[in-house]
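The values are calculated or read from the model by the stated rules, or taken from the named source; none is laboratory data. The structure presented is a predicted model; accordingly, all values stated were derived computationally and were not measured. Please note: Cβ atoms are built from the backbone with ideal geometry, for glycine as well, and neighbour counts cover all protein chains shown. Just the protein is used for accessible areas: all its heavy atoms, side chains included, with ligands, DNA and RNA removed. Shrake-Rupley method; radii C 1.70, N 1.55, O 1.52, S 1.80 Å.
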Amino acid sequence: MKFVDEVEITVQAGDGGRGCMSFRREKFVPKGGPDGGDGGDGGHVRVVADPHLSTLLDLRYQRLYRGKRGQHGRGKDQHGRNGEDRVIRVPLGTLIRDADTGELIADVETLSGDVMVARGGKGGKGNARFATSRRQAPRFAQPGLPGEERELRLELRLLADVGLIGLPNAGKSTMISAVSAARPKIADYPFTTLVPNLGVVRQGDGSFVVADIPGLIEGAHRGEGLGHRFLKHVTRTGLLVHVLDVFQLGEQDPKAAFETVNRELALFDEELSQKPQIVAASKVDLLPDRSGVEALETFFQSRGYRFCAVSAVTGEGMERLKAMIAEGLAERNATAAAGGGEMRGMEFHG
């Protein structure tokens, strides 16, 4: 399935039905009074979360969503039926913005409730509503009010507990395939991952969701490489696993790679660089000498980072890494609960 994470649509709520101007016309009732009924209200346009959706693909091919018009009022005090609402289904994690002003209308994070994005017009009153002792035969009725119309920009930000970050070809896709049932495309060239991949990881009695974020390069915050198109998906995560390719120790400095990615995170959103990180030294099975990895572990641990040497191919260190992630998520949840904050994504239950 093609991954679409941003789309613009037009929503138009239904117009209200006209009120009716009518008088009783019955045999033996020569002076029948007004009996025009009210028009029905127009249907709203609502957005609801659908747990079975993972992309905004359907909305790319249908850009206009209309609520039904309210029926017009009729004689004999018959009110028009209200128009049906139009329901738009989106994945969890969708941001709804006004396309013209950029105002955030809603953040669809849970399955509870829905979001009204365009209100239907009120139905007009029939002439029976305007009869008084002094005005017994009103010859007018109200028209229905028009429904709201607006342009919306929908933006999907993945709901995941853990984000895998790192330079292109650092081994993130291989890692997510090793710890979950996700099967991303894996190859030995940059930007193999062109869309974020999600995987559910089982750990003990609990589970957590991991997102494999496409590789970041210097200048990503300006949109270079795959740029901020995918940086936004990291904002939802509570914990980051920074994957460093240590097989290239002789050709590149993992510390410099670490700083490059964190610099891009901070330039895109300062809060991103403040998220807790676990450093995962990948591809250690390819190293004939691991003294460099031990030096890296000392370096990162002295700066307060959890560090784990892993091989997604042989499975070395993967259980330890999962335990570290579970511990980090438990700490995050405890901190959020103590501070009254809201925990996002799937909660880890250990």
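Can you tally the net charge around LEU104? Count Lys and Arg as +1, Asp and Glu as -1, for every other residue whose Cβ sits under 9 Å from the Cβ of LEU104. Before the final figure, lay out each step's value.
Values: positive: ARG97; negative: ASP98, GLU103, ASP107.
Taking every Cβ under 9 Å from that of LEU104, the sum is -2.
Mind checking the per residue accessible area of region 106-160 for me, 1.4 Å probe, whole number of Å²?
Result: 58 Å² of accessible area for each residue.
Please label the shape of region 50-135 as rounded, prolate or oblate, based on the square roots a ≥ b ≥ c of the eigenvalues of the alpha-carbon gyration tensor (a/c under 1.5 means rounded; beyond that, a/b larger than b/c means prolate, else oblate).
prolate
First check a/c for region 258-311, with a ≥ b ≥ c the square roots of the eigenvalues of its C-alpha gyration tensor; if it is under 1.5, answer rounded, and if not, answer prolate when a/b is larger than b/c or oblate otherwise.
prolate
Picking from LEU64, PRO146, ALA118, whose Cα lies most toward the positive end of the charge dipole for region 1-147 (charges on Cβ: Lys, Arg +1; Asp, Glu -1)?
My answer, from the dipole projection, is PRO146.
With 25 Å as the limit, write out which pairs from LYS27/LYS76; LYS31/LYS68; LYS255/LYS283; LYS232/LYS275; LYS27/LYS122 have Cα-Cα distances beyond it, or answer none.
Where the Cα-Cα span goes over 25 Å, the pairs concerned are LYS31/LYS68; LYS27/LYS122.
Determine, for each peptide in 42-54, 120-132, the mean count of other beta carbons within 10 angstrom over its residues, then list the peptides with the highest first.
Put in order of decreasing packing, that is 120-132, 42-54.
Once neighbouring chains are kept in place and the probe is 1.4 Å, which whole percent of the accessible area of region 9-114 is contributed by carbon and sulfur?
Carbon with sulfur: 45 percent of the solvent-accessible area.
For region 127-176 and region 277-304, write down the distance between their C-alpha centroids in whole Å.
49 Å
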